[in-house]
Amino acid sequence: MRMYDLILKKRNGGSLEKQEIYDMIAAYTRGEVPDYQMSAMMMAIYFQGMNQEETLHLTMAMANSGDMLDLSDIQGIKVDKHSTGGVGDKTSLALTPMVAACGIPVAKMSGRGLGHTGGTIDKLESFKGFHTDITTDHFIRQVNRIGIAIMGQTKELAPADKKLYALRDVTATVDNMSLIASSIMSKKLAAGADAIVLDVKTGSGAFMKKQEDAFLLAREMVRIGNGANRRTIAVVSDMDQPLGRNVGNALEVKEAIETLQGKGPEDFVELCLTLGTQMLLASDSKLTELQARDRLKQVIADGSALRKLAEFVKAQGGDESAVYEPEKLPTASIEESIPSPQEGYVSRITCDEVGICCLILGGGRETKDSVIDLSVGMKLQKKVGDYVKKGESLAVLYGNDPEKILAAKRRFIAAYEFSTKPVPKLQLVKGIIS
Ligand code: URA
């Protein structure tokens, strides 16, 4: 294989053969293809696209680039869940303990922030001492013992995706359907769960801005998952504004805790119930949709989901007391309100801009090696459809550097649009594909 020839072929709109894709991924994983050549390939794929066959080969080549986990030692049908990425998307933090508290084993592999979106592992690291670099043995024992474990991508599991994910993050090559589908499905297949529930985001804060593209991505991933004998379901959900109210790592952990205390924002609670219902149904075919929803509501009401979160944090080395005393989580030194520049109904929030504001405050990575500030972010007080008076607060920004706050504040205000006429609330769930 000559990497130059493959880049040229893709750049000129050709299709890559199965063997070419496998050789390229194997060589990149071994470190024999440099990042600059793989960046060029990612950009060529970004512009020229990949057909269904190429996408399937890329997925399988990446899934097979390391070990394939065998979770057969865990009793029951194991469920994994994955979001295509959004702003304020802290769903896994609340949803996985909810599902585990219902008695369904959750064996999940998570990632870090990507582009303007946050990542579950970064968020969970807001708990002092928490880590996801656990061994496969630890992972399996923990799911058997407490019903939930989340691991990061190790060198052993889909290592090709681990390298490509970090590379795409800093080369503006994230938002391509084939690259997203192969990235997500390769690690889901390698992580070994029996059932996979996907949350495919659409809107200005998602990688798939257009609804029809999100549905195409959802169908593509369901096709790949079912083809590999994993029960796969995709929920297409709104990302035209941040989910819930909090954006930023520790702030999102706090909102997930509030949700498990029964005090979560309406849209976020609804999404957890929708995805949770699909996870329960995938694992227990005797349940009805209504029964699944009721069980999920019950584990919030009786506190067992919150206790499950604490148990999970402790099992992975974190300070679980912060679940009950969230003030122990990282907190920014400066809080600044953002006054509305005008009166009216919020008609649009350019959602990826809100994610970028969080990056400007220090909450995301500029390069592969950047260290992120877990304490920064924002709490939205007005969302689409809300009425606001001139000067009333749209949101509170949390930061540690006045210059960054100033830059984020300007950009945040520009992300809001207003109308003099009432604006309907956004529809949260756009469709379910199974
Ligand atoms: N999540 C992933 O794991 N990979 C992507 O490419 C996008 C979102």
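For the reader, a short list of remarks on this structure follows.
- Sites listed here are GluC sites (Glu not before Pro) in the stretch 282-350 whose DSSP assignment is loop and whose Cβ has at most 13 other Cβ atoms within 10 Å: 343.
- For the stretch 179-311, the Cα-based Rg and Dmax, in that order, read 15.7, 41 Å.
- Note on residue 348 and residue 12: the extension gain reaches 117.1 nm, defined as 0.36 nm multiplied by sequence separation minus the Cα-Cα distance.
- For the stretch 18-77, applying the loop criterion from DSSP together with a ceiling of 16 other beta carbons within 10 Å to the GluC sites (Glu not before Pro) yields 32.
- For the stretch 352-407, the spread of Cα positions along each principal axis, largest first, Å: 42, 22, 17
- Segment residue 302-residue 219, extension gain: residue separation times 0.36 nm, minus the distance between their alpha carbons: 26.2 nm
- Fully extending the segment from residue 229 to residue 131 would add 32.2 nm, taking 0.36 nm per residue of separation and subtracting the current Cα-Cα distance.
- Amide proton proximity set for residue 384, modelled H, under 5 Å, gap of 5+: none
- Reach of residue 314 by Cα under 15 Å, taken over aspartates and glutamates that are not fewer than 8 positions away in the same chain: 125, 133, 325
- Per-selection Kirkwood Rh - the chain (Cα, Å, 1 d.p.): 21.9
- The trypsin sites (Lys or Arg not before Pro) found in the stretch 1-101 that occupy coil by DSSP, while having at most 14 further C-beta atoms within 10 Å, are 2, 30.
- Across the stretch 13-101, Cα-Cα pairs farther apart than 18 Å form 63% of the total.
- Rule-of-thumb Rg ratio for the stretch 299-398 [Cα; 2.2 N^0.38 Å; N residues]: 1.38
Every number in this text was worked out from the coordinates using simple rules, so none of it is lab data. Quick caveat, the model's predicted, so the values are computed rather than measured. A quick note on method: Cβ atoms are made from the backbone with ideal geometry, for glycine too, and the neighbour counts reach across all protein chains shown.
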